[in-house]
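Throughout, read-outs are computed from the coordinates displayed, never taken from laboratory work. Note that the structure is predicted; figures quoted are calculated from it, not measured. With ideal geometry, Cβ positions are generated from the backbone for all residues, glycine too; neighbour counts draw on all protein chains shown.
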Amino acid sequence: MKNKVGKPILIEEYVLINGIEQYLFHSGTNVDNPVLLYLHGGPGSVESLFAHLFQDQLEKIFTIVHWDQRGAGKTLIKNKDKYPTIDLMLQDLFEVIQYLKKKYNKQKIILLGRSWGSVLGITFIKRFPEEVAYFIGVAQVISMLENERVGYEKLKELISQAGDQKSLDKLKAIGNYPGEKLIIDSQFLKKCTKIRKLQGKYNLAGKIDLPIMLKVLKSPIFKWSDITALLKGLKANRYVLETFLANFDLHTEPADFQVPVYYILGDQDWQAPYVIAQEYFNKIQAPRKQLFLLPGAGHRIMIDQTELFVSALSTIRTREENERV
């Protein structure tokens, strides 16, 4: 971000949000640019550590703020026993937005949510549409149960086509998945972990592997405590997973929104299967809407196809700027 004389800067800070110190990471090139608040996935898996991989061009058109949510990343390390509920997280998000509006002298903030962040973000704009200029859902989640069903069937299809008997045997050993109702307990998580490994083998889901971890180590904001936070993220967010995310299903409520809605999806994403979000998007009623389907992009869309991701966001900003004229 540039100050008044145009010197690029990065800001790391802890801000008192809803009773605890929470971590914000700001970057950009011009304080007059629109402010985009990035909601990471998981819950419990921060993406501030990946910002250096895809943000260089975006920082020319947005001031981007990464927030390590309650129960994740540097916020978790600072508050080891402050675990989230969905109500706490929505209030946290509300207060983060108030802080950013005041800091940057903005009337509204742009909200971008990826994966779990898309769940938190789209839930927020339903409750507080007046706070958000527009919403961008990246790898948008529509229904967790449907996600797992469709992703499982695609995995089974590819394994069968490949004649991969070893992987097929592993699927059979896992048994009924995900079941008639999604119950995120220890038994399900064990099955899900095995499914994700198989999906990773067939490039259907994001992988936490050595190349990814090496990229994390090169982040300018990386600290070794970030690894500890990643390992503790699942435990810290267990209540949110069990009581909210397991039952999340946008099909159960009207697809009406008071703010513009944009989706950026990857046509190789079967962790949050793009076909589900694509179908739901057609039902959305909003002041403006547009869907971008990026070829060759999986669940980590912004890293898989960075140039196309940047292009989509640039197109969105231009459209919204034109609407204001």
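Laid out as a table, the results:
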{"read-out": "Over 14 Å [Cα-Cα, region 93-152], rounded percent", "value": "58 percent"}
{"read-out": "Proximal lysines relative to Lys106, as straight alpha-carbon distance under 24 Å, when same-chain residues fewer than 8 apart are discounted", "value": "Lys2, Lys4, Lys7, Lys60, Lys126, Lys289"}
{"read-out": "Pairs of Cα atoms farther than 18 Å apart, region 15-104, %", "value": "42 percent"}
{"read-out": "Rg/Rh for region 168-294, where both radii come from Cα atoms and Rh is the Kirkwood radius", "value": "1.01"}
{"read-out": "Test item: Cα-centred dipole of the chain, Lys/Arg +1 and Asp/Glu -1 on Cβ, debye", "value": "700 debye"}
{"read-out": "Principal-axis tilt of helix 306-324 within the chain, Cα atoms, nearest 10 degrees", "value": "50 degrees"}
{"read-out": "Gaussian network model of the chain, Cα within-10 Å springs - most flexible of Phe54, Phe309, Phe128", "value": "Phe128"}
{"read-out": "Straight-distance crosslink candidates among lysines, where the alpha carbon sits under 22 Å from Lys232 and sequence neighbours closer than 8 are dropped", "value": "Lys74, Lys78, Lys80, Lys82, Lys190, Lys191, Lys194, Lys197, Lys207, Lys215, Lys218, Lys223"}
{"read-out": "Highest average packing first - 187-194, 23-30, Cβ atoms within 10 Å", "value": "23-30, 187-194"}
{"read-out": "Full-stretch length increase - Val31, Gln290 - with 0.36 nm per residue and alpha-carbon distance subtracted", "value": "90.6 nm"}
{"read-out": "Average projection area in nm² (convex hull over Cα atoms of region 146-202, one quarter of hull surface)", "value": "3.6 nm²"}
{"read-out": "The chain, relative contact order in percent, only Cα pairs under 8 angstrom and at least six apart counted", "value": "19 percent"}
{"read-out": "Gaussian network model of the chain, Cα within-10 Å springs - most flexible of Ile264, Ile86, Ile122", "value": "Ile86"}
{"read-out": "Of (i) 68, 19, 18; (ii) 31, 22, 20; (iii) 27, 24, 21, the label for semi-axes √(5λ) of the Cα gyration tensor in Å derived from the coordinates", "value": "(ii)"}
